[in-house]
1. Could you list, in sequence order, the residues of segment 307-335 that are of a type in the set (S, T, N, Q) and free of Cβ contacts under 8 Å to residues at least 24 places away in the same chain?
2. Pairs, please: C-beta under 8 Å, at least 6 apart or cross-chain, first residue open to solvent by 40 Å² or more (accessible area, probe 1.4 Å) and in segment 114-138, second basic (Lys, Arg)?
3. Could you please find all residues in segment 212-249 being touching a helix residue (DSSP H, G or I) at 6+ places or on another chain (Cβ under 7 Å), surrounded by fewer than 14 Cβ atoms within 10 Å (Cβ to Cβ) and in contact (Cβ under 8 Å) with a residue 24 or more places away in the chain?
4. Filter segment 260-282 for residues that are touching a residue at least 40 places away in the same chain (Cβ under 8 Å) and touching a helix residue (DSSP H, G or I) at 6+ places or on another chain (Cβ under 7 Å) and give the result.
5. Looking for whichever is more than 23 Å from the chain's Cα centre (by Cα) and surrounded by 18 or more Cβ atoms within 10 Å (Cβ to Cβ) here; the options are Phe286, Phe323. Which one fits?
6. For segment 294-315, state whether one or more residues are of a type outside the set (A, V, I, L, M) and farther than 25 Å from Ser88 by Cα.
7. I'd like the full set of residues that are surrounded by fewer than 20 Cβ atoms within 10 Å (Cβ to Cβ) and among the hydrophobic types (A, V, I, L, M, F, W, C), limited to segment 150-168.
8. Pick out the one residue from Ile144, Ile174, Ile195, Ile152 that is under 30 Å from Thr277 (Cβ atoms) and part of a helix (DSSP H, G or I).
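The values are calculated or read from the model by the stated rules, or taken from the named source; none is laboratory data. Keep in mind that what you see is a predicted model, and the values were worked out from it rather than measured. Counting neighbours? That spans all protein chains shown, and the Cβs are built from the backbone with ideal geometry, glycine included. For accessibility, only protein heavy atoms count, side chains too; no ligands or nucleic acids. Shrake-Rupley method; radii C 1.70, N 1.55, O 1.52, S 1.80 Å.
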Amino acid sequence: MKGNILKIYNERFGIPPTDLVNAGESNRINLLIVSMALLVIGIGDLIVIFLLYHSDLRNHLDVLLYFGIFTVEGGFVFLYSKLVKNVSHEKSYILKTIPVYIIIFISFIIATYNFYILKQPFNGFAIFCFASFVSIFLFSFSPIIFLFALVIEVAVMAPGIYSNFTLSSLADYILTAVLIFCMSLYKRKLEKKQILLLKKQRQNLEAKTFGNFTLFYENKVIKFSRTKSNELIAYLVYKNGSSVNTKELISVLWGDRANSNRHGSSLRNLIVDIKHTLSNLEIFNFFITEYNSFRINPAAIKCDYYDFLKGDKNALASFAGEFMNQYSWTEETTAFLEMKAINNPDLGKEK
């Protein structure tokens, strides 16, 4: 019975971590925003508490601990999310999603702390609901691990709900938790559907990087209205799904001494051009823009460079020492690819 349930779950909601690399990067970007908010809230409230109760802090240790948790959580998640920016694709989704579970579990602990320690049961329930719905809205995560957190939280909070409110309130609380879990399942089902659509799109969208960079869709070269639009996409393809901010893009496209204010509008025009061109071709979820961060979704495109990095024999054999020749910023990568090709034992045997 247990095996059948897991089989049904995997068929409907299971997604391999390697297909969720883009979702993992979205998690990382969103975590940076959320962690900064938690850090600001925590530090701000701690300062207020110190100013108001500095002469009597012993009687307010519970509140100090409460906002101290926000501060530590926000600081840790922010630093962690910065450190895991360029991890390998195999570990990308897992490592970038770990802080999501940390935030969920700590939010539930904070809800419980409100309920039992601070004697604010309504706030405890509100934080539980708010943290759950925000997590579902902002992040990609496993519904099974989320269910584990929900079950623990319901078991801990149920006695307090019953004693502070009524039996019907307890039933409503359990029903709310079930609804939240169903929403997480629905979110995962939508993610799986989108990934399947991306795999179909990937059959027609291809980037050739060996030699000059060229982007194809349905075997036709994609032509942007602006010349540098092609270079922008080329650089994001080279970054292999990692996010790039405005400052870095301006530096790459117009040089290290480029003025951000002067070239900011030019960059925005390139972004509009790319979005317009891709939209007209009905290419979706490939060029991603979030919070002043830009990237491409590697799962949505075929690329000889990506196949080369995975050790594909055909890609290794097709590399002839040329990588995006028209761009000067590829020189170091070209040297790296040459060394990788030379040191590949399988390729040597074939030759």
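1. Residues satisfying the conditions are Asn314, Ser328, Thr334.
2. none
3. Within segment 212-249, just Ser225 meets the criteria.
4. Leu270, Asp273, Ile274
5. Values: Phe286 fails: more than 23 Å from the chain's Cα centre (by Cα).
Answer to the selection: Phe323.
6. no
7. Val151, Ile152, Val154, Ala155, Val156, Ala158, Phe165, Leu167 - these are the residues of segment 150-168 that are surrounded by fewer than 20 Cβ atoms within 10 Å (Cβ to Cβ) and among the hydrophobic types (A, V, I, L, M, F, W, C).
8. After ruling out the rest, the residue left standing is Ile195.
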